Each structure stands twice: as structure tokens, then as C-alpha cells.
Amino acid sequence: MKGIVFLDRDGTLIEEVGYLSDPRRVREIPGAAESLLRLIRGGFLLAVVSNQAGLAKGKFGEEEWEAVHRAFVALFRAKGVDFAAVEYCPHHPEGSVEKYRAACDCRKPSPGMAEKVLARLGQPPGYAIWIVGDKMTDVLMGSTLRAKTILVATGYGESERVEGERRGLRPDVFLPSIREAAEWIMTGGE
């Protein structure tokens, strides 16, 4: 394996619709599955790491979240994409659902979800780590992991780029979508 690519879910692989609670609204960002297959064939492991504060905020329940998760995985599996791992953080420090109201080490930008995946999968020497997402929290998590970071314009990407630049934060590269991100990874980030 050449390395692992950590991917945000909403706004990066599937369309951003706010607090996604209906599995019928799970829609692939055009070209996402094709791009992920290219990465898999190129020798990369793929792992999804996604903040899902809607659970903590009471925007959807566990059954709705689980149905969306199943629809997401099924959508990509039907197109030949199997993820090495899928991790979610249901927490938020200001959540209204006590079970999930917490400051944790798994909520991005903290690297907890990615570290859990790396520990489970193992990380051989020289293993490259990439982060692709539509929010600066993805970029900040990547910086903590010393990964190459890609901010995509889909989802919240454009507004996050502008806000990030105002705060002096920048990804390694800003690209239109997962298609271009996969190409950039395949060429070694050149």
C-alpha cells in the first residue's frame, strides 16, 4: 500500500444537505466513486472520518443516523468502493442530548478518529497520509497528523477556504472536488 487517504463524508463524497437524517437524500458528488476506485487501484487505503454532531444536537436519532450510514456505504459498495474504515464522532460539547454532549478527542479537528484507524490498520514506515475534506477542521486534523491536506470546493469548501485564509490557515492544496483531489494524490501531490 502507498498510504491511507482519510476522507470527510458530507460535502466531500456525498452532497452536503445540512443535518442528513434521510437515507433517500444520500447522493454521490459526481465522480466520487470513480475517483475512489482509482485511488484503491493505485494502492491506497480509504478511510472515512466524519463529525456527526446532529446526534448530539438532537437533529436526528440513532436509527436515522444508522440508516444514513447504511445508505452511504451501500451507495459506494454498489460502485465497487469498499472503505478500509468508517469512523464517526457523534459528540459536541454544546449538545442537547446528554449521551453525546462531550468535549472529546475524536471530533475533528482532533485526530482521534484517524489515530484509531491508524492503530487498527497499522502504519508501516514511510506510509503517506492524506486528508481530503470541505472544512478547515479536516485541514487542521491533517496538520496534527503531518498529513498532506486537500480542501475541496464542494460542500462548505469555498467559504471555509475564505474564512481559513482570514485566520491564516491554508491546506496544502485547494481543489474543485474529489476528482481533482484523487488526481493530485495519484501524482504524489505535485
(request) From the list Ser35, Ser21, Ser50, pick out the single residue that is of a type in the set (S, T, N, Q) and part of a helix (DSSP H, G or I). (result) Ser35
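To keep it simple, each residue is scored yes or no on (1) at pLDDT below 95; (2) out of contact with any Leu (no Cβ under 7 Å at 6 or more places or on another chain); (3) not in a helix (DSSP H, G or I).
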site: Asp82; (1), (2), (3): no, yes, yes
site: Val86; (1), (2), (3): no, yes, yes
site: Ser96; (1), (2), (3): no, yes, yes
site: Cys106; (1), (2), (3): no, yes, yes
site: Pro125; (1), (2), (3): yes, yes, yes
site: Val139; (1), (2), (3): no, no, no
site: Arg170; (1), (2), (3): no, yes, yes
site: Glu180; (1), (2), (3): no, yes, no
(request) Considering every residue within the range 22-30, establish whether at least one is farther than 17 Å from Leu75 by Cα and touching a residue at least 24 places away in the same chain (Cβ under 8 Å). (result) no
(request) State which residue is farthest from Val17 (Cα to Cα) when the search covers only the range 147-168 and only residues that are assigned to a loop (DSSP other than H, G, I, E, B) and over 16 Å from the mean Cα position of the chain (by Cα). (result) Gly168
(message) With touching a Pro at 6+ places or on another chain (Cβ under 8 Å) and either closer than 27 Å to Arg161 by Cα or modelled with pLDDT of 95 or more (or both) as the only criterion, which of Ala56, Ala33, Ala74 stands out?
(response) Ala56
(request) Residue by residue through the range 93-109, note down the ones that are in contact with a helix residue (DSSP H, G or I) (Cβ under 7 Å, 6 or more places away or on another chain) and surrounded by 17 or more Cβ atoms within 10 Å (Cβ to Cβ). (result) Cys106, Lys108
(request) Kindly list, by first and then second residue, each pair from a residue in the range 70-93 that is under 16 Å from Leu46 (Cβ atoms) to a residue that is at pLDDT 95 or above and of a type in the set (Asp, Glu), limited to pairs with Cβ atoms under 9 Å and residues at least 6 apart or on different chains. (result) Val73/Asp82; Leu75/Glu28; Phe76/Glu28; Phe76/Asp82; Lys79/Glu28; Lys79/Glu34
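Mind listing just one residue for me: the one in the range 1-18 that is in a loop (DSSP other than H, G, I, E, B) and β-branched (Val, Ile, Thr) and, of those, surrounded by the fewest Cβ atoms within 10 Å (Cβ to Cβ)?
The first filter runs over the range 1-18 and keeps only residues in a loop (DSSP other than H, G, I, E, B), leaving 1-2, 8-9, 11-13, 15-18.
The next check asks that each one be β-branched (Val, Ile, Thr); those that pass are 12, 17.
On the way: Thr12: 27, Val17: 14.
By that ranking, first place goes to Val17.
Residues checked against (1) within 25 Å of Lys148 (Cα to Cα); (2) crowded, with 22+ Cβ neighbours inside 10 Å:
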position	(1), (2)
Leu37	yes, no
Ile40	yes, no
Leu46	yes, yes
Asn51	yes, yes
Leu55	no, yes
Lys59	no, no
Glu64	no, no
Ala67	no, no
Arg70	no, no
(message) With the requirement that a residue be surrounded by fewer than 24 Cβ atoms within 10 Å (Cβ to Cβ), more than 15 Å from Ala47 (Cβ to Cβ) and β-branched (Val, Ile, Thr), what does the range 129-148 give you?
(response) Thr137, Thr144
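The values are calculated or read from the model by the stated rules, or taken from the named source; none is laboratory data. Every value quoted in this text rests on a predicted model; they were computed, and no experiment measured them. Glycine also receives a Cβ, built like all others from the backbone with ideal geometry; neighbour counts cover every protein chain displayed.
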